[in-house]
Amino acid sequence: MDAQVFDIGDTDVAWCPGCGNFSILKILQRALAELQIGPTSLVLVSGIGQAAKIPHYFRTNIFNGLHGRALPAATAIKAADPALTVIAESGDGDMYGEGGNHFIHTIRRNPDITNIVHNNMVYGLTKGQASPTSQVGFKTPVQVGGVFLEAFNPLAVAIALDAGFVARAFSDDVEQTKEILKKALKHKGYSLVDIFQPCVSFNKLNTHQWFKENCYYLGDSYDPSDRNQAFKRATETRKLPLGVFYVNSKRKSFEENIGMQDKPPLYERDLDTKQLSALIEKFKSEN
Ligand SMILES: Cc1ncc(C[n+]2csc(CCOP(=O)(O)OP(=O)(O)O)c2C)c(N)n1
Ligand code: SF4
Ligand SMILES: [Mg+2]
């Protein structure tokens, strides 16, 4: 399959020239095409933000919902049609800030979805306020004296919650990021891929060059089944590791737990609507 199947043709793209979002868009399209996942079997779910505009530039099924609410929508879509490939994709603010509670409980629930986070360490759309992953000392028009809160560490939180697949990538590294995304898409259960994505307009601290100088890859000898080691690597701060930190394929998925994994799509299921009607009537009579 050619990645061009996802092209939407001529359109105005709202992203700034040089933004890391362009490369994530292309890499994801290539990863999907190489896995033979086409536009009709995919749903791309996002919230609000610059990263969350990615479904606008993708020829596939999309759901662009409320700020921070991509994960519950994605969980429901997967349960409604388990044959679909479902991706929840947004920015660091949307997923870890406004959507932080969903982030925690989606990992616990373990739906078979891929969670891609464009981590530019800033609120891009609203013009440069600090986000949960902004670094200490980062100055913004709001945080004029510099950020003083320690940055939220999504990988450490995900590993602590025993997420089945936890990885970090860098948008400039096309081949490595594509391979990480392919592994995440193939994983059965929730997978997190946090992608460092330079925001050239509002984050002058964590630039393309900064990520190049401050990241390194875990390497071939690294064992992603070792949870303690994964946690240790995820909390490193001097240099930031990239790659697949942790894999645990033993957890049952949400769809398996609720007996939906082999079910046809919701619109083809025999539903007993009598019980639902009775419940609605009871609610109406009581209110
Ligand atoms: C409930 C609500 N709160 C706040 C906003 C304003 N808002 C829109 S996008 C955004 C932050 C987005 O940041 P991030 O998810 O990191 O995306 P980026 O633009 O950096 O890609 C905020 C605070 C909103 N639209 N709705
Ligand atoms: S503001 Fe930042 S994140 Fe948004 S499109 Fe421009 S460079 Fe990208
Ligand atoms: Mg952001």
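The values are calculated or read from the model by the stated rules, or taken from the named source; none is laboratory data. Predicted model only: the values in this text are computed from it and were never measured. Reconstructed Cβ throughout: ideal geometry from the backbone, glycine too, with neighbour counts over all protein chains shown.
The table below gives the values:
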quantity	calculated
One residue from ALA151, ALA156, ALA88, ALA169 being in a strand (DSSP E or B), of a type outside the set (Val, Ile, Thr) and over 22 Å from ARG69 (Cβ atoms)	ALA169
Conditions (1) within 23 Å of VAL45 (Cα to Cα); (2) within 16 Å of ligand 1 (Cβ to nearest atom); (3) in contact (Cβ under 8 Å) with a residue 60 or more places away in the chain: number failed by PRO132	(3)
Failed criterion for VAL142 (all others in (1) more than 21 Å from ILE62 (Cβ to Cβ); (2) under 15 Å from the mean Cα position of the chain (by Cα); (3) more than 10 Å from ligand 1 (Cβ to nearest atom) hold)	(2)
Residue list for the stretch 104-131, restricted to those being in a loop (DSSP other than H, G, I, E, B) and either more than 9 Å from ligand 3 (Cβ to nearest atom) or at pLDDT below 95 (or both)	ASN110, PRO111, ASP112, ILE113, THR126, LYS127, GLY128, ALA130
